[in-house]
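See structure below.
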Amino acid sequence: DWKFETMTRNPSFGPSAETLIIMGAKHSDFIVNDFQIWRIFTPMFLHGGIIHYVLNCFALFYIGRAVEQSHGTLSAGILFTIPAVGSVLFSSIFLPQYISVGASGGIFGLIGACVADVVRNRKLLFSDFINKGRSKRHHFMVI
């Protein structure tokens, strides 16, 4: 029986923890003892509520689109999926008592790809060819 929880129980305006567990949230006990390996993958598709979902959509739209344009769809998918699964595994090891859902691990993987691009291409980014006479301090404001 799915319903919205009160704001005191779920401030993201979403379902109960029990509902999220039924839907496939990360629950370390189920992964280890009941061998529910699929729970390593499903949390990245679930969200704690509407607010959580909308914020992840904005992040994926802006960051995911930038990574996809510069690296391609397959690479962007890999750069999202591996950190998303890795974050579930790390959460299962270091925070086994908590359930978790969301795409934040994958989003941070995409952010890491963007940071790696900036670091790797910093000479081009700060070159006179790109700046055409503008102050190089302008890029520090953007970053």
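Per-residue answers, yes or no, for (1) open to solvent by less than 30 Å² (accessible area, probe 1.4 Å); (2) over 30 Å from Pro15 (Cβ atoms); (3) at pLDDT 90 or above:
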site	(1), (2), (3)
Asn56	yes, no, yes
Leu74	no, yes, yes
Phe90	no, no, yes
Tyr98	no, no, yes
Val115	no, yes, yes
Ser127	yes, yes, no
Phe140	no, yes, no
| query | Restricting attention to the range 21-42, which residues are surrounded by fewer than 17 Cβ atoms within 10 Å (Cβ to Cβ) and of a type outside the set (Val, Ile, Thr)? | reply | Met23, Asp29, Asn33, Asp34, Phe35, Gln36, Trp38, Phe41
| query | When both residues are 6+ apart or on different chains and their Cβ atoms are under 6 Å apart, which pairs have a first residue that lies in the range 7-26 and is more than 24 Å from Trp38 (Cβ to Cβ), and a second that is modelled with pLDDT under 85 and open to solvent by 20 Å² or more (accessible area, probe 1.4 Å)? | reply | none
| remark: Contact list, first residue from the range 42-59 and farther than 23 Å from Phe30 by Cβ and hydrophobic (A, V, I, L, M, F, W, C), second anywhere and open to solvent by less than 60 Å² (accessible area, probe 1.4 Å) and in a loop (DSSP other than H, G, I, E, B), beta-carbon distance below 6 Å, six or more apart or interchain, is Ile51/Ser12
| message | If the requirement is being within 21 Å of Thr19 (Cα to Cα), surrounded by 17 or more Cβ atoms within 10 Å (Cβ to Cβ) and of a type outside the set (Ser, Thr, Tyr), which of these qualifies: Gly64, Gly109, Gly49? | response | Gly49
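The values are calculated or read from the model by the stated rules, or taken from the named source; none is laboratory data. Remember, predicted model here, so these are calculated numbers, not experimental data. Heads up, the Cβs are rebuilt from the backbone with ideal geometry, glycines too, and the neighbour counts pull from every protein chain shown. With ligands, DNA and RNA removed, areas are computed over all heavy atoms of the protein, side chains included. Shrake-Rupley method; radii C 1.70, N 1.55, O 1.52, S 1.80 Å.
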